[in-house]
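Written out below as structure tokens is the structure these notes cover.
The values are calculated or read from the model by the stated rules, or taken from the named source; none is laboratory data. From a predicted model like this one, the values you see are computed outputs, not experimental measurements. We place every Cβ from the backbone using ideal geometry, glycine too, and count neighbours over all the protein chains shown. Heavy atoms of the whole protein, side chains included, go into the accessibility calculation; ligands, DNA and RNA do not. Shrake-Rupley method; radii C 1.70, N 1.55, O 1.52, S 1.80 Å.
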Amino acid sequence: MAEEKSESRVQQTLAALRASPGIRKNIVHWHKIEPRPARYAPFPDSIPAELTSALKQRGFEQLYTHQAQAINHALNGRHVVIVTPTASGKTLCYNAPVLKSILDDPQSRALYLFPTKALSQDQMNECHELSAALGRDIKVYTYDGDTPANARRAIRTAGHIVVTNPDMLHTGILPHHTNWIKLFENLKYVVIDEIHHYRGVFGAHLVNVVRRLRRIAKFYGANPVFICCSATIANPAELAREVVGEDCELVDDNGAPQGEKAFLFYNPPVVNAELGIRRSVLSETRRLASRFLSKGIQTIVFARSRLRVEILTTYLKRSAVRLRIDPERVKGYRGGYLPLERRAIEQGVRDGSILGVVSTNALELGIDIGRLQAAILAGYPGNIASTWQQGGRAGRSAGASVVILIASSSPLDQFMMNHPEYFFGASPEAAVVNPDNLAILASHVKCATFELPFEDGEAFGDVNPEPLLNYLEREEIVRHAAGRWYWSNEAFPAEGVSLRTPGVENFVIIDVTQAGQQRTLGEVDYDSAPMLIHEDAIYMHQSRPYFVERLDWDGRTAYVRQVKVDYYTDAQSKSEIRVIEVDEHEKFAVPDVAQPGGTDRTDNVAQPPSAVTSDAQLLAALCNPGIARNFGDVSVQTVVAKYKKIKFETHENVGWGDVHLPQSEIQTEAYWITFRPELKQILSQAGLDMGAGLNALAHAVNNAVPVFALCDPRDIFTVPMVRAPFDQLPTLYVYDRYPGGIGLSRRVYSIDVDVFQAARRMIADCPCSEGCPSCTGPALETGSTGKRTAALLLDQLLEQIADPTLQHHTASDE
């Protein structure tokens, strides 16, 4: 009955949205996902009767078809990757074969890997309940940084199922494998959940951690079966093979039921047509979320950053007061909160005491937070896979639910608003990992040598580690003797390697509001610290503002005091690039330039009266002698120099200040395009500004990359240079924002035509005349001709790179 009432409230609220002219006109697409019945299969004959009985006691009368298929693969010793939506019962796909192996052989062991502690705790509870239903003494333990020291010995020797995360496996288990002999000698299954989460730096590290795991398991005579679970991505089997090191069977035909779901694309109204500025995504999120909260509909709001979580939590608490809802029923949730605080929020969402929760993607993963009816996404999450994951948090039961994607003014968000068919019809993006990144690979070769000596000729995954071992020997870190490589350094290598960020140490935030007292408020990762906790910053925690009085950079500690202010801060950074080595180089030249007079492809771009040539003539001039595309290693120096003060509610800039922090430098991979040296002269003859055009081009390209690669726009960075120091040519750089690179810029090198076509469509689709945040950036930043110039440059790139008739000159030809 309660569920029926809840479903009715959802339908009534959706009807109210349709009936409201001020809201309906902003809904650019209303997608209805029809309910889908379940498809079932019987339990495999090899599953023991007592396990089947225990599952039936917990409501599993039959298996879904994908569950039966995955279980059969695992029981037959085949690695498997399961790719089905949120709440489709993936947990049973690995619990059933693991519990069967323990029932058959009490010495059998399994290792569960989850990307977060919260997910580990959640899944441990599920295992406990199932093992309790069996009435067997099956020991299920979590092993992470919060595990008491006195419990660790029992876990090492008696744990049938050890639930942990890659970080603890890396530092707490593999280096101490002699204490875990019972686990490794009897290891039958390794479960890796949310495998799509392991991309970029984290994914590259995980592949190497699994290489170390399999090496140690082999040493103890074990060859475990890997069971992986993933959200929908374009290349799940490829990613699973990269992580596991062997082929995996793909199970992606979902047999679970689906309730009716409305998926709305909401584009905030334009408030300044001249500048192309739309109403704030934060304001519109507050407006729509308040409607659902006012009807008692349990709602989750996803925001793109920690700061936005705090701002939206502040706004919704204020709205709750006006709606006569207890503001304590609205909570924020993000990384940086202390564990007990996060667990309390998760429990509150589960039991319904929390009506609204505002989260980063921390709640995107499969933590059990109950049955929410509405999910509101404040900005496109950056990729299709994450959007479906976040939307899947609503409607986890068979009832009606709603997902609303509220667009920001960013080009990527506007691309999705203008092309909903791409979102609903396209394959999700491919996950990219680069486990052979030299810095990452070297760190894990050191860890592996510490754990077990390398034999001469022994591979590490599919890599020959000998060149690295020779280098480490010269550095007196390892030594070679009698056909083996031994660790010979006093250091403990795993402690110096962070799996999630290039830096090792997080910054601790200390609250000094109470005189004479210091309270640990939270923590911030190394890379985010210059942006979030520089001196004079406003640090937000559970919607409460704290002023950063002092930042002890060397001590990795920020001291904050709670204040009452009506603004928050937003830091700005700038970067310089130096080319170290060119790995790939390709020139394009047009042998026969087409005569002027072709189609003028300026779409909505305004024609300046001072133009002396048509765009077709400009394009012909630009395309001869051509451009060059490159891939290689670069050094990037970055400094956070200033911050802005942004007023709550109005979001106007009310001041700024300087930031005084050390400059950071990384060596990474980059893709870059160089234009002909006469570019400036050619464009200026037509009244166009090259610098403005390159800035506009960089803005569009940076937002087009995530359309094809499973990454966030913040994982890559696009830098225009009017005259690059490397070759004095106009250049556009696209680089990975992680040391050594994580494969994103290399992927751009292989799909640059797709990226440029998407960027061109973003510009063509935007109705503004001179550029705005939804296409090439605000005209105030790129000038009145920036949009037109960027469109011309993209046309030039597509004319040359995409045309198979052109003359290509690679580095080997020269």
Does any residue in region 512-533 that is at pLDDT below 85 come within less than 8 Å, Cβ to Cβ, of a residue that is of a type in the set (Ser, Thr, Tyr) and in a loop (DSSP other than H, G, I, E, B) six or more places away or on a different chain, and which pairs are these?
Asp525/Thr501; Tyr526/Thr501; Asp527/Thr501
When you scan region 515-594 for strands (runs of 3 or more DSSP E) that lie fully inside it, which ones turn up with 1 or more residues that are among the acidic types (Asp, Glu)?
519-524, 544-552, 567-589
It is to be established whether one or more residues within region 378-388 are of a type in the set (S, T, N, Q), modelled with pLDDT of 90 or more, touching a strand residue (DSSP E or B) at 6+ places or on another chain (Cβ under 6 Å) and open to solvent by less than 10 Å² (accessible area, probe 1.4 Å).
no
Can you tell me which residue among Pro804, Pro725, Pro720 is modelled with pLDDT under 85 and either assigned to a loop (DSSP other than H, G, I, E, B) or within 30 Å of Ile666 (Cβ to Cβ) (or both)?
Pro804
Exactly one of Gly203, Gly159 is among the small types (Gly, Ala, Ser), crowded, with 20+ Cβ neighbours inside 10 Å and closer than 23 Å to Pro339 by Cβ, and that one is Gly159
Could you grab me the full set of residues in region 234-262 that are more than 26 Å from His29 (Cα to Cα) and not in a loop (DSSP other than H, G, I, E, B)?
Pro236, Ala237, Glu238, Leu239, Ala240, Arg241, Glu242, Val243, Val244, Glu249, Leu250, Val251
Check region 470-486 and report whether any residue there is in contact with a strand residue (DSSP E or B) (Cβ under 6 Å, 6 or more places away or on another chain), without any contact (Cβ under 8 Å) to a residue 40 or more places away in the chain, in a loop (DSSP other than H, G, I, E, B) and buried (at least 18 other Cβ atoms within 10 Å of the Cβ).
no
Pairs, first touching a residue at least 24 places away in the same chain (Cβ under 8 Å) in region 95-111, second in a strand (DSSP E or B) and charged (D, E, K, R), C-beta under 6 Å, six or more apart:
Ser101/Lys188; Ser108/Lys188
Pairing a residue in region 446-467 that is at negative phi with any residue that is among the small types (Gly, Ala, Ser) and open to solvent by 60 Å² or more (accessible area, probe 1.4 Å), where Cβ atoms lie under 9 Å and the two sit 6 or more apart in sequence or on different chains, gives Asn464/Gly457; Glu466/Gly457
Region 487-496, residues that are buried (at least 17 other Cβ atoms within 10 Å of the Cβ) and among the charged types (D, E, K, R)
none
Within the group Asp462, Asp436, which residue is more than 22 Å from the chain's Cα centre (by Cα), charged (D, E, K, R), open to solvent by 20 Å² or more (accessible area, probe 1.4 Å) and closer than 21 Å to Arg199 by Cβ?
Asp462
When residues of region 610-659 are limited to those that are acidic (Asp, Glu) and modelled with pLDDT of 85 or more, the one surrounded by the fewest Cβ atoms within 10 Å (Cβ to Cβ):
Asp658
May I ask you to verify whether Asn72 is under 30 Å from Val210 (Cα atoms) and in contact with a Pro (Cβ under 7 Å, 6 or more places away or on another chain)?
yes
